[in-house]
Amino acid sequence: MVEMAVAEAAKMMQGQVISGDPQTRCRGVEIDSRRLRGGELFFALPGERVDGHRFVDAALDAGAAGAVVEARWARARSFSAGQVLVQVEDGLSALHALTAGIRRQMGGQVVGITGSAGKTTTKELLASMLGRRFRVARSPGNFNNLLGFPIALAAIPEDTQWMVAEMGMSQPGELGRLSRLARPDVAVYTNVRPAHLEFFGSLDAIGNAKGELLEGLPADGLVVINGDDPQVRRITAEHRGPKVIYGSSDDAQVRAENVRPDPRGGSRFELTLGEDRTPVRLRLHGPYNVENCLAAAACAWSLGVPAPEIAAAVEAVAPVAGRGTVHHRVGDVTIIDDAYNANPDAVTRALDGARNLPGRRHWAVLGDMLELGPDAPEFHCQIGEAAAKRAFATVFAVGKLARDVVQGFGNAGESRAFATAEAAAGPAVAELRDGDVVLVKGSRGVGLDAVVDALLEARPSADDETPEENGATEGEVN
């Protein structure tokens with residue numbers, strides 16, 4: 001991890017050490033006292049519900065090297081002389097100033113990945129590919145915003161050559177600020193889809209916000225472009241530096257040919273990198289992950305990783321929990337855990353991916369897609385229609401807009417609406433039969449993990465067993 005004296009960190013933040021030994025060494029930063037491992041600089045940030053200053057003592061007791069506190073707090077209380085405290089005017093601004101200072105001193109380079117979907121999977125694939133040639137660090141989990149990225153950057157080993165970081169946003173201007181902090185050397189775009197419409201209003205506005213990733217990119221920085229996405233094309237058109245295009249468009253240098261399901265799960269295809277063609281086995285479920293693989297391969301290839309090493313790295317990447325993980329259970333039951341996130345395009349692709357898996361019956365548990373704005377009911381109705389067109393036998397819809405999904409599904413099969421994931425879990429278990437393929441997909445806030453866990457623990461019924469039905473169950477929406 002990045003290590004320095006507290007006094008050096010204070011100088012970067014234009015803060016003042018008001019207590020303790022300024023030469024105390026710190027490594028890494030943290031904003032949550034529960035995640036401290038020891039030696040970090042704890043930032044006491046005021047939040048909407050909880051003020052981090054309440055946890056200064058707990059953080060120091062847990063092993064934090066020191067705490068960064070705001071002047072208003074420091075003036076209002078007394079503290080032990082042995083506590084290492086850095087006083088600043090604004091905690092978040094200080095965190096970003098320290099992040100910028102660490103980035104200036106960093107010897108390695110940064111790849112920033114953004115898009116409406118596929119960021120985490122592309123990050124994992126790219127880190128595996130680059131790791132064949134370089135010392136690589138990746139941002140953990142979804143540490144992809146103005147709070148998470150500083151923690152991720154400060155935690156990377158000092159000999160890192162490439163940091164692979166996903167970069168997200170939920171409002172205009174956020175990604176631009178993050179890009180100027182991170183100063184990426186490479187920008188990777190996965191796609192622009194109708195996610196966060198509640199805050200942006202239109203697909204063009206989402207595209208413009210994703211375009212902010214280029215604000216911190218140098219003029220000669222590499223941009224990796226999804227050639228099949230019109231919005232990505234639009235927002236990257238003005239970049240005059242090097243570009244590499246992936247997808248199925250005529251000008252794509254990186255493409256997937258002869259894509260087919262792999263009997264062991266995932267896909268097989270021929271990866272085309274310029275003039276080279278290499279067979280690839282991708283263990284990740286769904287054709288949409290082939291697109292994520294192409295994004296990562298285009299970047300790695302442009303940075304000097306040869307095709308055979310890219311192919312070997314791809315096969316080494318295992319599915320990430322909640323992002324299309326395929327579980328094979330007793331009774332030839334297949335459960336697809338895709339409960340981490342959802343938008344209309346991603347759900348449609350997930351339905352296609354599930355339908356491609358062999359099974360006697362396909363059905364789905366579909367949770368609300370959040371942050372879609374005033375058109376959300378129509379989007380949910382369309383998802384129900386999509387499941388009907390793909391001949392799903394049953395749809396369980398979960399959330400405030402469950403009725404809209406059921407309406408869209410119509411009379412194509414059985415459909416039920418539930419207010420919560422907990423209410424849907426029991427009936428979903430009762431629905432399970434030998435040979436079923438079950439997709440569980442929804443926004444994280446719906447909590448469909450409860451359904452996944454219940455299904456994974458269930459024993460499927462044989463075809464001649466009929467679950468007890470007594471009208472609507474508790475939590476079912478009539």
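Some observations on this one:
- First in region 288-307 and under 21 Å from residue 342 (Cβ atoms), second anywhere and open to solvent by 40 Å² or more (accessible area, probe 1.4 Å), Cβ under 6 Å, 6 or more apart: 288/349; 290/259
- Taken over region 267-304, the residue count meeting the criterion of being assigned to a strand (DSSP E or B), open to solvent by 20 Å² or more (accessible area, probe 1.4 Å) and under 22 Å from residue 327 (Cα atoms) is 2.
- Among the residues listed as 391, 430, 376, the single one being among the aliphatic types (A, V, I, L, M) and either within 19 Å of residue 338 (Cα to Cα) or under 27 Å from the mean Cα position of the chain (by Cα) (or both): 376
- Evaluation of residue 264 against (1) surrounded by 14 or more Cβ atoms within 10 Å (Cβ to Cβ); (2) part of a loop (DSSP other than H, G, I, E, B) (one fails), failing number: (1)
- The number of residues in region 1-38 being closer than 18 Å to residue 101 by Cβ, not hydrophobic (A, V, I, L, M, F, W, C) and not in a helix (DSSP H, G or I) comes to 11.
- Residues being open to solvent by 10 Å² or more (accessible area, probe 1.4 Å), touching a residue at least 12 places away in the same chain (Cβ under 8 Å), of a type outside the set (D, E, K, R) and under 23 Å from residue 379 (Cβ atoms) - total across region 196-233: 9
- Within region 173-217, the residues that satisfy the criterion of being part of a loop (DSSP other than H, G, I, E, B), of a type in the set (S, T, N, Q) and more than 20 Å from residue 138 (Cα to Cα) are 191, 202.
- The residues on offer are 334, 348, and the sole one that is under 27 Å from residue 197 (Cα atoms) and among the hydroxyl-bearing types (Ser, Thr, Tyr) is 348.
- Just one residue in the set 414, 378, 431 is surrounded by fewer than 16 Cβ atoms within 10 Å (Cβ to Cβ) and closer than 28 Å to residue 457 by Cβ; that residue is 414.
- Residue 146, sole failed condition from (1) under 16 Å from the mean Cα position of the chain (by Cα); (2) in contact (Cβ under 8 Å) with a residue 60 or more places away in the chain; (3) more than 21 Å from residue 295 (Cβ to Cβ): (2)
- Hits in region 405-425 (condition: part of a helix (DSSP H, G or I), closer than 15 Å to residue 475 by Cα and aliphatic (A, V, I, L, M)): 421, 423, 424, 425
The values are calculated or read from the model by the stated rules, or taken from the named source; none is laboratory data. In this text, all values refer to a predicted model and were calculated from it rather than measured experimentally. Positions of Cβ are generated from backbone atoms using ideal geometry, with glycine treated the same way; all protein chains shown enter the neighbour counts. All accessible areas refer to the heavy atoms of the entire protein, side chains included, with ligands and DNA or RNA removed. Shrake-Rupley method; radii C 1.70, N 1.55, O 1.52, S 1.80 Å.
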